[in-house]
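Every number in this text was worked out from the coordinates using simple rules, so none of it is lab data. Because the structure is a prediction, the values reported are computed rather than measured. So basically every Cβ, Gly included, is an ideal-geometry build from the backbone, and we count neighbours across all protein chains shown.
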């Protein structure tokens, strides 16, 4: 391995590890107020929304533009995942619909 | 570490594996195209283990950039893990720093979301989270090395592979919607995220959305509780 690439990887690893580790190390030792805890309860929903919706409405270059292929694949997955909370099922269904749509779109 | 918990966590990782293998392969292919060796691609997946920033790093390497801009970009892209790590810290009190270090090193969006889909399974059970994360990490490394070795054998844009992780995230999002006000938070967060991604560079939209939408969630929740104090919190959502 080239030393400059190795240093780059180490640098990336370090700056990635710090925000992953610090809150876990510090907050797990503090008593968190109820109000803050309730706010943390909503982080998963907010983070996941912020991951899912931009996928449907932004293209690969980061420009806002409806992504029909993604939106049309997402609709059945939304319905299926709501009725049957199955991760496996959702992934397989999503891939199948996306693949199938590739022949039509 | 409890063997039974580890196995349960490893099993819960399987949908992530399905997404990580092909996306990891895509990373391996792109890394080779950018001039990295298989070893270098594999080491990055082993030591950094953060999908989005790895793709961007490879993109920047292929454009001749190296070192400082890449590390800085990586830092900002992965800053969002601050929020996930804070959330997870609630479920791991009284554990050694070594255990917490091990768990947080392998924290990703996907493993975080799967862990949060049933928090009773992770509460003070490092074995479960460790199993979930190490299997996911292993799939990511395997995919990366496989992709780097096999190159363009499988087209990573076909067989619905681009939609594997989005579908996983959609299901994980819906698992979080347990009460009516969760639905409102989802809608508010969705709108915020689109606006912030449009208005701001980089990955700031995730952090800003999480902070603002959670704040609004606290407001909605305190209104719900003060107007209908008799309804227990775990009433199933009528949605």
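Of all the options B:105, B:199, B:34, the one that moves most in a Gaussian network model of chain B with Cα springs shorter than 10 angstrom is B:199.
The peptide list B:7-18, B:164-175, put in order of mean Cβ contacts within 10 Å with the highest first, becomes B:164-175, B:7-18. Stretched out straight at 0.36 nm per residue, the stretch from residue B:11 to residue B:223 would grow longer than its current Cα-Cα span by 72.4 nm. Inter-chain Cβ neighbour count for B:112-122, averaged per residue, equals 2 (cutoff 10 Å, partner chain atoms only). Taking 17 Å as the cut-off, the amide N atoms of the range B:154-192 that come nearer than this to a point 7 Å along the Cα-to-beta-carbon line of residue B:55 belong to B:155-170.
Reducing the range B:175-204 and the range A:81-105 to their Cα centroids gives an inter-centroid distance of 22 Å.
Please compute, for peptide B:185-192, the average count of beta-carbon atoms on other protein chains lying within 10 Å of each residue's beta-carbon. Walk me through the intermediate numbers first.
Working: counts 5, 7, 2, 4, 10, 9, 2, 4.
Across the residues of B:185-192, the mean count of other-chain Cβ atoms within 10 Å is 5.
Which angle between 0 and 90 degrees, to the nearest 10, do you get for helix B:180-199 versus the longest principal axis of chain B when only C-alpha atoms count? Approximately 40 degrees, to the nearest 10.
Counting, for every residue in B:18-28, the Cβ atoms of other protein chains within 10 Å of its Cβ and taking the mean gives 1. In this structure, residue B:118 and residue B:67 have a Cβ-Cβ separation that, at R0 = 51 Å, corresponds to a calculated FRET efficiency of about 0.80. Plainly put, the protein assembly as shown has a radius of gyration that is 0.96 times its Kirkwood radius, both from alpha-carbon atoms, as the Rg/Rh ratio. Each part reduced to its alpha carbon centroid, the range B:71-114 and the range A:15-78 end up 13 Å apart.
Per Stokes-Einstein, at 10 °C and 1.306 mPa s, what whole-number D in µm² s⁻¹ belongs to chain B, with the Kirkwood radius over Cα pairs as the hydrodynamic radius?
Details: Rh = 19.5 Å.
The diffusion coefficient I find is 82 µm²/s.
Helix A:3-27 versus the longest principal axis of chain A: what is the Cα-based angle in degrees, 0 to 90, to the nearest 10? Orientation of helix A:3-27: about 80 degrees from the principal axis.
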